[in-house]
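A short worksheet on the structure shown next.
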Amino acid sequence: MENKNYNIQSNKNWNNIDDVSEEDITYFLFLEDKPIDSIAKIRHLTREQVQQHIIKGKLKYGVISKCKNSEELFQYLCKVSKESRLKSFETLNEALKSQLCAYIVDSFGDMNWFEKEKAIWIIGELNYKDGTGILIKCTVHDNVTLRRLSVSALGKLKSEQGEMALIRALEDQNNQVVSYAISSLMKINSVKCKEKIEFIMNNTDKDYIREKCKAYLHSVK
């Protein structure tokens with residue numbers, strides 16, 4: 001099991017100010033008990049910008065900094081809201097993101113369905129190409145949520161490797177999966193499925209799917 005210390009601890013060394021990010025400077029001023037309005041004036045920021053910097057700082061130097069390895073970080077991300085996960089990603093450097101995704105790929109088979117849902121979403125959001133194989137397998141999973149999330153994530157990766165899996169997903173019995181498949185095929189600029197999508201457009205009773213089909217056909221003209 002990986003045991004790399006994340007070492008994202010705060011280091012308020014004003015002598016090395018050039019090495020401190022704009023967000024961290026704001027957060028360090030907040031830690032010195034300066035009022036938000038005063039920080040805004042000092043930093044030439046709006047109150048809203050200061051609040052966003054503080055939120056990022058709390059994430060960066062709070063719970064995430066206590067995660068000893070990728071497993072603990074993943075478990076934390078599973079527990080928080082989508083918005084919190086996105087904000088957490090902003091505090092991670094590329095190396096930590098890669099470590100997290102590598103853990104997900106290595107441990108995916110041992111995860112429960114809830115964890116797999118979050119894992120698939122993370123692979124897509126972090127654009128982790130090495131997770132493509134897992135996404136392809138999950139496009140035919142018995143769990144419809146995993147199928148839908150995988151189809152969506154393949155679109156975010158924009159990988160041609162997943163093209164045939166997305167085309168196959170056009171035949172899924174779940175309308176949402178079909179809709180996401182069409183959107184993802186547009187993102188990878190697929191032209192191999194034009195006839196299938198024309199057939200879907202002419203035979204579906206779902207207006208939103210018909211509109212997705214029209215958007216796809218317009219994009220490949």
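The values are calculated or read from the model by the stated rules, or taken from the named source; none is laboratory data. If you're wondering where the values come from, they're calculated on a predicted model, not measured in any experiment. Counting neighbours? That spans all protein chains shown, and the Cβs are built from the backbone with ideal geometry, glycine included.
Observations, loosely collected:
- Of all the residues in the stretch 140-163, those that are in a helix (DSSP H, G or I), out of contact with any His (no Cβ under 9 Å at 6 or more places or on another chain) and more than 19 Å from residue 129 (Cβ to Cβ) number 4.
- All positions within the stretch 154-184 that are closer than 18 Å to residue 214 by Cβ and small (Gly, Ala, Ser): 155, 179, 181, 183, 184
- When residues in the stretch 89-122 are screened for being crowded, with 18+ Cβ neighbours inside 10 Å and at pLDDT below 85, 2 of them pass.
- Comparison of 130, 142, 207 shows that the only residue that is of a type in the set (Asp, Glu), free of Cβ contacts under 8 Å to residues at least 12 places away in the same chain, surrounded by fewer than 16 Cβ atoms within 10 Å (Cβ to Cβ) and closer than 23 Å to residue 108 by Cα is 142.
- Any hit, the stretch 164-180, residues being of a type in the set (D, E, K, R), part of a helix (DSSP H, G or I) and more than 16 Å from residue 196 (Cβ to Cβ): no
- From 86, 77, 73, residue being farther than 24 Å from residue 180 by Cβ, modelled with pLDDT under 95 and in the same structural domain as residue 190 (by the TED database): 73
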